[in-house]
1. Is at least one residue of region 57-69 at pLDDT 85 or above and either of a type in the set (Asp, Glu) or surrounded by 14 or more Cβ atoms within 10 Å (Cβ to Cβ) (or both)?
2. Scan (1) open to solvent by 10 Å² or more (accessible area, probe 1.4 Å); (2) touching a helix residue (DSSP H, G or I) at 6+ places or on another chain (Cβ under 9 Å); (3) modelled with pLDDT of 60 or more for the single condition Gln239 breaks and write down its number.
3. What are the pairs, 6+ residues apart or on separate chains, where a residue within region 276-292 that is touching a residue at least 60 places away in the same chain (Cβ under 8 Å) and within 30 Å of Gly146 (Cα to Cα) has its Cβ under 7 Å from a residue that is assigned to a strand (DSSP E or B) and among the charged types (D, E, K, R)?
4. For residues in region 271-321 being among the β-branched types (Val, Ile, Thr) and within 30 Å of Glu10 (Cβ to Cβ), which is nearest to the chain's Cα centre (by Cα)?
5. Any idea how many residues of region 116-152 are open to solvent by less than 30 Å² (accessible area, probe 1.4 Å), over 23 Å from Phe175 (Cα atoms) and of a type in the set (S, T, N, Q)?
6. Quick check on my filter: what residues within region 90-119 are under 30 Å from Met308 (Cβ atoms) and either in contact (Cβ under 8 Å) with a residue 60 or more places away in the chain or assigned to a strand (DSSP E or B) (or both)?
7. Output the residues belonging to region 263-280 that are open to solvent by less than 20 Å² (accessible area, probe 1.4 Å) and either outside any strand (DSSP E or B) or within 29 Å of Ile104 (Cα to Cα) (or both).
8. Could you say which residue among Leu72, Leu81, Leu102 is farther than 30 Å from Glu10 by Cβ and modelled with pLDDT of 75 or more?
Amino acid sequence: MPSANSTFTELVSTTHRTHKKGFKDNLSERNALLKRIYKKGNYRTEDGGLTIVEPLDYAQNSTYQRYSDWDLLNIQQSDVLSAAEFTWKQIAIHVVASGRELRINSGEAQLEKLVAARIKNAYRTFDNNFSSDLYSDGSLSNQIGGIQHIIADVNTNTVGGINASTWSFWRNTVFDLSVNSVTISSTTIENDAMLPLWLSIDRGQGDSPDLILMDTTYFTFFEKSQTSIKRYASADTLQGGALSLKYKSADVMHDTTASGIPAAHAYFINTNYIKLCVHKDANLDEMEKKEPVNQDGEVVPILWMGNMTVSNRKQQGVIIA
């Protein structure tokens, strides 16, 4: 049996609470998309439901009519609303100590160091993996659908239960350099690639991309293209600890393939339509400790449950080679 001393679990609880307070900021500081989601208030919790539902306003009301005097009016009902449904995805990480470790570190000060080190490691591990998940195509088992899923290279995929090969309004916008005969470089990236994509998804009046994420290659080309006219946004603007360049009204940020962004990609993101939804009872919440029946030790699970959602794919764009 593990040590009867409950200090381990108590220290996990108190240390976890302390770390959790600042974890959201620490994670978003290394991920510009997550920081923008938090800043816009597009992070929400829900208390249940079979799926996460995003209402869609996908069509115009067909009864708009110019008329005169006694013309017959069109009172036919318009089918203008639908919904995208996203499945709950779950993540678990555990703080574990064997009975031997508990007894060796039975002094409270020693045990506190052990717990703090393992909590810190657990959050760092979550940080690294979740950042990659945010860029993912959701193809791994039980993985959230990230940017490569929502803003796909092949935009006829199914997202939120809606098949974009059938419903064209649900396709994100793709600017393929090869299809458009563009050889990407510092002299072509802005006028021959970024501008055409921007114009195809900019609806004006604040409904345009507010964040552009680029891999190292594309960001290098873009920065070189701005040599004489660079405009930097303050680090305080994103509160992300890094400067960003500007393109029109959007912040242009660099990320590395190690963080999950695929090589030779630039994502034009309108974050008005992208949210991160988390279950209120599994928002990196600590569960009750477990004691294996056939092993000497204690396990404290920390759970996350949610998904990334989108309510308008057409206003999201990507430049691909």
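1. At the first step, the residues of region 57-69 found to be at pLDDT 85 or above are none.
No: zero hits.
2. (3)
3. Cys277/Arg44; Cys277/Glu46; His279/Glu46; Lys280/Glu46
4. Within region 271-321, the subset among the β-branched types (Val, Ile, Thr) is 271, 274, 278, 293, 299-300, 302, 309-310, 318-320.
So of that shortlist, the ones also within 30 Å of Glu10 (Cβ to Cβ) come out as 278, 293, 299-300, 302.
Working: Val278: 12, Val293: 38, Val299: 29, Val300: 26, Ile302: 20 Å.
Top of the filtered list is Val278.
5. Qualifying residue count, region 116-152: 2.
6. Filtering region 90-119 for residues under 30 Å from Met308 (Cβ atoms) gives 90-96, 118-119.
Result: Gln90, Ile91, Ala92, Ile93, His94, Val95, Val96, Ile119.
7. Of everything in region 263-280, those that are open to solvent by less than 20 Å² (accessible area, probe 1.4 Å) and either outside any strand (DSSP E or B) or within 29 Å of Ile104 (Cα to Cα) (or both) turn out to be Asn270, Thr271.
8. Working: Leu81 fails: modelled with pLDDT of 75 or more; Leu102 fails: farther than 30 Å from Glu10 by Cβ.
Every option except Leu72 fails the conditions.
The values are calculated or read from the model by the stated rules, or taken from the named source; none is laboratory data. Every value quoted in this text rests on a predicted model; they were computed, and no experiment measured them. Cβ atoms come from the backbone with ideal geometry, glycine included; neighbour counts cover every protein chain shown. These area figures cover heavy atoms from the full protein model, side chains too; ligands, DNA and RNA do not enter into them. Shrake-Rupley method; radii C 1.70, N 1.55, O 1.52, S 1.80 Å.
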